[in-house]
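Notes to accompany the following structure.
The values are calculated or read from the model by the stated rules, or taken from the named source; none is laboratory data. The model shown is predicted, which means the values in this text are computed figures rather than measured ones. Every residue, glycine as well, gets a Cβ built from its backbone with ideal geometry; the counts of neighbours run over all protein chains shown. Ligands, DNA and RNA are stripped out before the accessible areas are found, and what is left, the full protein with its side chains, is counted by its heavy atoms. Shrake-Rupley method; radii C 1.70, N 1.55, O 1.52, S 1.80 Å.
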Amino acid sequence: MSNRNRVLFLCTGNYYRSRYAEEVFNHRAKIEGLAWRAFSRGVAEHGSPDNVGPISRYALEALRAKAIIPEGLARYPQPCCLADFDGAKLVIALKEAEHRPYIERRFPEAADRVTYWHVDDITFAHPSIALAMIDDRVDELILSLGRPPAR
């Protein structure tokens, strides 16, 4: 699979933050006419038994409030594998303190490719704060990808 213009978003279980980032990114990239697409995975080997359904209700509510119809609505969380890194030009993990240990343990050969954001999980940040942070970071990413390369 080619990694040309693909972003991989990572969070622990691929249920809340990474799924939201994926959907917001794909929506924004399409509006901006960027030839980039995102996909998302979880860095933990197994999802949490507390995660009910394919995607967090908080992510869904925030997407609906923005009139974004999730393309991956029916897709259940997926754990990351090494091939996912190969399938992405950019790799972004949503919380360095939480995700770096998983990545360094499970994917040491790809660890140096990861950019870390600092968006807390629901236990530490209310969705209105965490998802707004993701919105801001995705906006910054979209702007940077839309700029012509420096000469």
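Of note:
- Checked against (1) touching a residue at least 24 places away in the same chain (Cβ under 8 Å); (2) assigned to a loop (DSSP other than H, G, I, E, B); (3) farther than 14 Å from ILE142 by Cα, LEU34 passes all but condition (3).
- For ALA110: the one exception among (1) open to solvent by less than 30 Å² (accessible area, probe 1.4 Å); (2) among the aliphatic types (A, V, I, L, M); (3) within 16 Å of the chain's Cα centre (by Cα): (3)
- Within region 46-105, being loosely packed, with under 15 Cβ neighbours inside 10 Å and assigned to a helix (DSSP H, G or I) holds for ARG57, GLU61, ARG64, ALA65, LEU82, ALA83, ASP86, ALA97, PRO101, GLU104, ARG105.
- PHE39 vs. criteria of a type in the set (Phe, Trp, Tyr), surrounded by fewer than 24 Cβ atoms within 10 Å (Cβ to Cβ), closer than 23 Å to PRO108 by Cα and at pLDDT 90 or above: yes
- Within region 1-24, tally of residues that are surrounded by 24 or more Cβ atoms within 10 Å (Cβ to Cβ), within 22 Å of LEU82 (Cβ to Cβ) and not basic (Lys, Arg): 10
- Residues of region 62-69 include none that is under 12 Å from THR12 (Cβ atoms) and in contact with a Ser or Thr (Cβ under 9 Å, 6 or more places away or on another chain).
- All of (1) touching a residue at least 40 places away in the same chain (Cβ under 8 Å); (2) touching a helix residue (DSSP H, G or I) at 6+ places or on another chain (Cβ under 9 Å); (3) over 21 Å from ARG37 (Cα atoms) hold for GLU104 with one exception: (1).
The rows are residues; the columns are (1) within 14 Å of the chain's Cα centre (by Cα); (2) at pLDDT 85 or above; (3) basic (Lys, Arg); (4) not in a loop (DSSP other than H, G, I, E, B).
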position	(1), (2), (3), (4)
ASP121	yes, yes, no, no
ASP136	yes, yes, no, yes
ILE142	yes, yes, no, yes
PRO149	no, no, no, no
